[in-house]
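Here the structure comes first, spelled out in structure tokens, and everything after it is commentary.
The values are calculated or read from the model by the stated rules, or taken from the named source; none is laboratory data. Just so it is clear, the model here is predicted, and its values are computed rather than measured. All Cβ positions, even for glycine, are placed from backbone atoms using ideal geometry, and neighbour counts span all protein chains on display.
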């Protein structure tokens, strides 16, 4: 099952990059570089009100806003001693509108035991938006470092760097 889930993630990443490459020829695109700081006091089912997990963080960079991510599906034999493959959706809220994306990622929790640091990588395939971002496409890739976890909650902020592009249809 892990191999199937990993294959799905790979296919979605390739699809997102393909769509982004095709979008460049047909649209006006803007490169995006964002720094995210996540202050997550709770984690897991109770934090999201549904099965899965969620997080949110402040974005500063090409535009300022807030990122909301909810993991709807995840797979791992032991999430705190293994890698967790997941998929879900994300929303970026800005003063000019919202950006919606389908998201896949892998969280590398095992590194907590070897280096004291846990990381993740995410791929966000942009599927639309509202306001200024209506009709957009594109992608974001994020490298992420989790904050310190005391067994019940994160006690220091988690951070990430998002890079990618947002493309508007030509008129």
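With respect to the stated conditions, residue 80 is out of contact with any strand residue (DSSP E or B) (no Cβ under 8 Å at 6 or more places or on another chain) and modelled with pLDDT under 80. Within this structure, residue 91 fails the test of being over 19 Å from residue 68 (Cβ atoms) and at pLDDT below 95. Checking 121, 165 one by one, the residue that is over 11 Å from the mean Cα position of the chain (by Cα), modelled with pLDDT of 85 or more and on the phi < 0 side of the Ramachandran plot is 165 and no other. From the list 148, 96, exactly one residue is on the phi < 0 side of the Ramachandran plot, surrounded by fewer than 18 Cβ atoms within 10 Å (Cβ to Cβ), in contact with a helix residue (DSSP H, G or I) (Cβ under 7 Å, 6 or more places away or on another chain) and modelled with pLDDT of 75 or more. Which is it? Going through 148, 96 in turn, the sole match is 96.
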